[in-house]
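A.B. asks: So that we are looking at the same thing, I have put the structure below in structure tokens.
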Amino acid sequence: MSRHVLTAVAWPYANGPRHIGHVAGFGVPSDVFSRYQRMAGNKVLMVSGTDEHGTPIQVQADKEGVTARELADRYNRVIAEDLQGLGLSYDLFTRTTTRNHYAVTQELFKGLFDNHYVVERSQLSAIDPTTGRGLPDRYVEGTCPICGYDGARGDQCDNCGNQLDPQDLINPRSKIDGKAPKFEESVQFFLELPAFAEALGSWLQSRTEWRPNVLKFSYNLLEDLKPRAITRDLDWGVPIPLPGWSDRDDKRIYVWFDAVIGYLSASVEWARRTGDPDAWRAWWQSSPGDEPARGYYFMGKDNVVFHSVIWPAILLGYNGEGQPAGTAGSMGKLALPSEVVSSEFLTMEGRKFSSSRSVVIYVRDVLERYGADALRYCLAAAGPESSDTDFTWEQFVTRNNTELVAGWGNLVNRTVSMVHKNVGRIPEAGELTGDDNRVLQASRDAFAPIGALMERSQQRAALAEVMKVVAEANKYLSDQAPWKLKDDPARRDQVLHVALQLVDDCKTLLTPFLPDSSDKVYAMLGGRAAWAGQPELREVDDLDGGPSYPVLMGDYDTEAVWEPRPISPGIEIGPAVPLFAKLDPSVVDEELARLETSG
């Protein structure tokens, strides 16, 4: 039975280009998941966009001497182009500065306010002594008053996991200039997180399929829930939709509140752009008798708190399911996340990625030099699913040369080349031998267990199993040695038929991971329609009269299906097309030299 699957992908900040540490967490895993789900027959809605509000945008804009909007416009386009180049199959990749997003954010704010889950309070706010501008919690650092860790942020200590307020820190300092912030009384609106403690606890207890590290971290957060300010003394953000506040230019809804609402607003925008304004509801609300709507949220571990506690609390509040109970807002009851798929951190050559310290490999640079599928493969094969993983150029070159070029690429090249040279078309199967049937059955049998791993987002294990099928296919071809069967063309053609079937099966198994090269294999085997759809960068007008902007969308209703399909004898087979380029070992030294020079 077909399911509605929401793939909600973390929103990258539009304050600079993205590096491979970012896409290792939110990008490649979410696309592999979405492509598999589409192939399995499910109705996928994959949404995200650039996160464009908050102090980090304003700080970077000040550094570059431009307005926050100008900076966001520039990097929204850069990031969208890079994610298109990486082949991420968004149904909509948009931005948080659209009027549609403002309207949906304000709707959820008003729903929470009407249910008395958002209240007005006075608090001490951190002010940058140099600019006089409010400092967000994450831009204040100091010593944690609970565990003594020096480097705790004003919203949370990453060492002990406890929530904090900036004024709680010992020796607080601004991340911008290192100076001690001033603290002044300021009226803000607070989300009453303690009102959802019981509901969140019950909900988390039902999340038995989550990764253990995510569940443990989320449970710990429930022990000390505090009201949290959702507005700030800023002029860059979503206006507060209340009388006496909406026209103020010194108060805005803060970024951490509006960014998570982007998953919903992007779904609404997608529905409006595709001609059915209510189509989003199938991914956010369950009709009686239907399979429940399921939403999978992909991010790095530093974003878990917002997706396993704060966003569910916002949804519970809008649904009226806190303490005391309220009523659902005008959009109706909204579904909470089904799973938070959090990745650990990707380091590089033993160091933490840091754009400010030039410890970075930008996505665009890798795409220009090595192509999308080589990067996708490396991140999927050694991604930080359950523990931090170190990216090294030596590992990248080795995987490219041994697994892609000498493994999968070699299987395709020699099989297709021999068929083209000796037969010119897919040969008949003939009377298959026991060895033929065994390797074909093993290939067919691989789909179910690999699919089960993909359902659980165990992508590293799934890819490893796929490459075992590739290795068995290579072994079969070497053992049967069709190049030695010139005097027995019937047997040669049987072997080549089996080898082509194995290539076709492996192409299908690899499609979620390697969509571009799988397209090429499909074409080599005579495919004429689209196999794995690719995202398109489209220029669109704001639906509600704002400035135009680029979005990623695409037609992903293609031939790709998660099942082995018999190849058809007689289809013409042309010459083989190289899938991957072998890298010289000198690439390692060249890339390390670039890193040292940039640093």
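The values are calculated or read from the model by the stated rules, or taken from the named source; none is laboratory data. These figures come from a predicted structure and were not determined experimentally. We place every Cβ from the backbone using ideal geometry, glycine too, and count neighbours over all the protein chains shown. All accessible areas refer to the heavy atoms of the entire protein, side chains included, with ligands and DNA or RNA removed. Shrake-Rupley method; radii C 1.70, N 1.55, O 1.52, S 1.80 Å.
A.B. asks: Looking only at segment 528-560, filter to residues that are among the β-branched types (Val, Ile, Thr) and under 22 Å from the mean Cα position of the chain (by Cα); which one of those is modelled with the highest pLDDT? Don't jump to the end; show me each part of the working.
C.D. replies: Within segment 528-560, the subset among the β-branched types (Val, Ile, Thr) is 540, 551, 558.
Filter again for under 22 Å from the mean Cα position of the chain (by Cα), leaving 551, 558.
On the way: Val551: 98, Thr558: 91.
Among those residues, the one meeting the criterion is Val551.
A.B. asks: Of the residues in segment 382-440, how many are outside any helix (DSSP H, G or I) and crowded, with 16+ Cβ neighbours inside 10 Å?
C.D. replies: Pass one, segment 382-440, residues outside any helix (DSSP H, G or I): 382-392, 423-433.
Now drop any that are not crowded, with 16+ Cβ neighbours inside 10 Å, which leaves 382-385, 389, 391-392, 423, 426-427, 429.
Of the residues in segment 382-440, 11 are outside any helix (DSSP H, G or I) and crowded, with 16+ Cβ neighbours inside 10 Å.
A.B. asks: Next up: For segment 298-355, which residues satisfy the criterion of being within 30 Å of Val397 (Cβ to Cβ) and open to solvent by less than 50 Å² (accessible area, probe 1.4 Å)? Before you say what the answer is, go through the steps one by one.
C.D. replies: Looking only at segment 298-355, we keep the residues that are within 30 Å of Val397 (Cβ to Cβ), and these are 298-302, 341-355.
Matches in segment 298-355: Phe298, Met299, Gly300, Val341, Ser342, Ser343, Glu344, Leu346, Thr347, Met348, Phe353, Ser354.
A.B. asks: Same structure, new question: Quick test for you: out of Gly574, Gly570, pick the one residue that is of a type outside the set (Lys, Arg), within 30 Å of Glu431 (Cα to Cα) and surrounded by fewer than 13 Cβ atoms within 10 Å (Cβ to Cβ).
C.D. replies: On the way: Gly574 fails: surrounded by fewer than 13 Cβ atoms within 10 Å (Cβ to Cβ).
Answer to the selection: Gly570.
A.B. asks: Then there's this: Would you call Asp73 under 29 Å from the mean Cα position of the chain (by Cα) and open to solvent by 10 Å² or more (accessible area, probe 1.4 Å)?
C.D. replies: So Asp73 passes the test.
A.B. asks: Quick test for you: out of Glu107, Glu141, Glu120, pick the one residue that is out of contact with any Gly (no Cβ under 9 Å at 6 or more places or on another chain) and either at pLDDT 90 or above or within 28 Å of Ala72 (Cα to Cα) (or both). So that I can check it myself, show each step before the final result.
C.D. replies: Numbers: Glu107 fails: out of contact with any Gly (no Cβ under 9 Å at 6 or more places or on another chain); Glu141 fails: out of contact with any Gly (no Cβ under 9 Å at 6 or more places or on another chain).
Only one candidate qualifies: Glu120.
A.B. asks: Given the criteria in a helix (DSSP H, G or I), in contact with a strand residue (DSSP E or B) (Cβ under 7 Å, 6 or more places away or on another chain) and open to solvent by less than 30 Å² (accessible area, probe 1.4 Å), does Ala195 qualify? Outline the logic, then answer.
C.D. replies: Numbers: in a helix (DSSP H, G or I): yes; in contact with a strand residue (DSSP E or B) (Cβ under 7 Å, 6 or more places away or on another chain): no; open to solvent by less than 30 Å² (accessible area, probe 1.4 Å): yes.
Against the criterion (in a helix (DSSP H, G or I), in contact with a strand residue (DSSP E or B) (Cβ under 7 Å, 6 or more places away or on another chain) and open to solvent by less than 30 Å² (accessible area, probe 1.4 Å)), Ala195 does not qualify.
A.B. asks: Restricting attention to segment 362-381, which residues are farther than 16 Å from Val32 by Cβ and open to solvent by 10 Å² or more (accessible area, probe 1.4 Å)?
C.D. replies: Answer for segment 362-381, where residues must be farther than 16 Å from Val32 by Cβ and open to solvent by 10 Å² or more (accessible area, probe 1.4 Å): Tyr362, Arg364, Asp365, Leu367, Glu368, Arg369, Tyr370, Gly371.
A.B. asks: Just a yes or no: is a residue in segment 267-276 in contact with a Gly (Cβ under 8 Å, 6 or more places away or on another chain) and open to solvent by less than 10 Å² (accessible area, probe 1.4 Å)?
C.D. replies: Narrowing segment 267-276 to residues in contact with a Gly (Cβ under 8 Å, 6 or more places away or on another chain): none.
Within segment 267-276 (the criterion being in contact with a Gly (Cβ under 8 Å, 6 or more places away or on another chain) and open to solvent by less than 10 Å² (accessible area, probe 1.4 Å)), the answer is no, since none of the residues qualifies.
A.B. asks: Still on this structure, please answer the following. Can you name the residue in segment 120-170 that is hydroxyl-bearing (Ser, Thr, Tyr) and under 27 Å from Lys110 (Cβ atoms) and, of all such residues, is most open to solvent (accessible area, probe 1.4 Å)? Even if it seems obvious, please write down each step before you answer.
C.D. replies: Just the residues of segment 120-170 that are hydroxyl-bearing (Ser, Thr, Tyr), to begin with: 122, 125, 130-131, 139, 143, 149.
Subset that is under 27 Å from Lys110 (Cβ atoms): 122, 125.
On the way: Ser122: 72, Ser125: 13 Å².
Looking at the filtered set, the residue picked out is Ser122.
A.B. asks: Quick one: what pairs do we get from segment 527-538, first residue touching a residue at least 24 places away in the same chain (Cβ under 8 Å), second open to solvent by 60 Å² or more (accessible area, probe 1.4 Å) and part of a loop (DSSP other than H, G, I, E, B), C-beta under 7 Å, 6+ apart or different chains?
C.D. replies: Gly527/Glu559; Ala529/Glu559; Ala530/Glu559; Trp531/Glu559; Gly533/Asp555
A.B. asks: Still on this model: For Gly41, all conditions in the list (1) at negative phi; (2) modelled with pLDDT of 95 or more; (3) of a type outside the set (A, V, I, L, M) hold save one; what is the number of the exception?
C.D. replies: Here Gly41 meets the rest and fails (1).
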